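Down below is the structure, laid out as structure tokens.
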Amino acid sequence: MQWVNTRFCVPHSRNNAITRAQLEDAGAHVVVVSDEGDVHMAVSKDRFRFIFFQGHPEYDTNSLLKEYKRELVRFTGGERSDYPPFPVAYFNPQARAILDEYRERLESAPFPEALLMDRLFNIWRDTSKSIINNWLGHMYQITNVDRRKPFMEGINPNDPLGILKNK
């Protein structure tokens, strides 16, 4: 988490329900939790080998738009009973206005994807890159070039980052 802001945003699935207790019971260490209590990121017991994301740091700018469009299609097709809410902190005011107008003409208008593309906020990209780059950097620094050996000489496999000594 080096060089990552204390508070950051990341797309998070509203349909994912793995709880903090379930992750901790499985031996994972929870690293990032939302204000609502949803776990975004947890790591394996050694804090290194596995990173578990419940959010979607890999999403590009239009991934949420595609998901929103999918949910609108589900709504118009009767697979979903409620009109999908806007993703948090994603559509700027102009995009919201375009989508409000689209809602009024839902049955007859094509989805205004082209009008929305320049009006989307991707506020998670830099944080996501930092987290992944930090992990890859540590991988490079402590794993062995010999693929048959997991770590370089002198690396404790139970504490590869050397941060659990006092825990």
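Taken together, the values in this text are just the output of simple stated rules run on the coordinates, not laboratory data. All figures in this text were calculated on a predicted structure; none of them were measured in a lab. Positions of Cβ are backbone-derived with ideal geometry, glycine not excepted, and every protein chain shown enters the neighbour counts.
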**OP:** Compute the normalised compactness of the chain: alpha-carbon radius of gyration over 2.2 N^0.38 Å, N being the residue count.
**Re:** 1.33
Original post:
At what distance in nm do the modelled label points of Ile51 and Asn134 sit from each other, each positioned 7 Å from its Cα along Cα→Cβ?
Top reply: 0.8 nm
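Expressed in nm to one decimal, what extension gain is obtained for the pair Asn158 and Asn62 from 0.36 nm per residue of sequence separation less their Cα-Cα distance?
Here the answer is 30.6 nm.
Of all alpha-carbon pairs in region 63-119, indicate the percentage at a distance above 12 angstrom.
Roughly 66 percent, rounded to a whole number.
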Original post:
Helix 63-76 versus the longest principal axis of the chain: what is the Cα-based angle in degrees, 0 to 90, to the nearest 10?
Top reply: 40 degrees
**OP:** Extending each Cα 7 Å along its Cβ direction at Ala114 and Glu79, get the distance between those two points in nm, one decimal.
**Re:** 2.6 nm
**OP:** Quick one: angle between helix 125-142 and the longest Cα principal axis of the chain, in degrees between 0 and 90, rounded to 10, please.
**Re:** 20 degrees
Subject >> Inter-label distance, nm, simple model (7 Å from Cα along the C-beta direction), Asp146/Asn5 >> reply: 4.5 nm
Subject >> Within the chain, longest stretch clear of exposed chymotrypsin sites (Phe, Trp or Tyr not before Pro) (DSSP loop, no more than 13 other Cβ within 10 Å) >> reply: 51-167
Original post:
Rounded to the nearest 500, what is the chain's calculated 222 nm mean residue ellipticity when only DSSP H runs of at least 4 contribute -39500 (n - 2.57) each, over all residues?
Top reply: -9500 deg cm²/dmol
Original post:
Efficiency by 1/(1 + (r/R0)^6): what FRET value for Asp100 and Glu24, r their Cβ-Cβ distance, R0 = 41 Å, to the nearest 0.05?
Top reply: 0.50
Original post:
Which lysines have a Cα less than 16 Å from the Cα of Lys45, not counting those fewer than 8 places away in the same chain?
Top reply: Lys165, Lys167
**OP:** Under a 10 Å cutoff between Cα atoms, tell me which one of Lys66, Lys45, Lys149 has the largest fluctuation in the Gaussian network model of the chain.
**Re:** Lys149
Subject >> region 63-119: relative contact order as a whole-number percent, Cα under 8 Å and 6+ apart >> reply: 32 percent
Original post:
In region 103-146, which GluC sites (Glu not before Pro) fall in coil by DSSP and have 13 or fewer other Cβ atoms within 10 Å?
Top reply: Glu107
Original post:
Cα centroid distance between region 91-167 and region 4-63, in Å?
Top reply: 11 Å
Original post:
Counting only residues 5 or more places away or on other chains, whose amide H sits under 5 Å from the amide H of Val33 once H atoms are built in the peptide plane?
Top reply: His40
**OP:** Mind pulling the angle between the C-alpha long axis of helix 93-104 and the longest principal axis of the chain? Nearest 10 degrees, somewhere in 0 to 90.
**Re:** 50 degrees
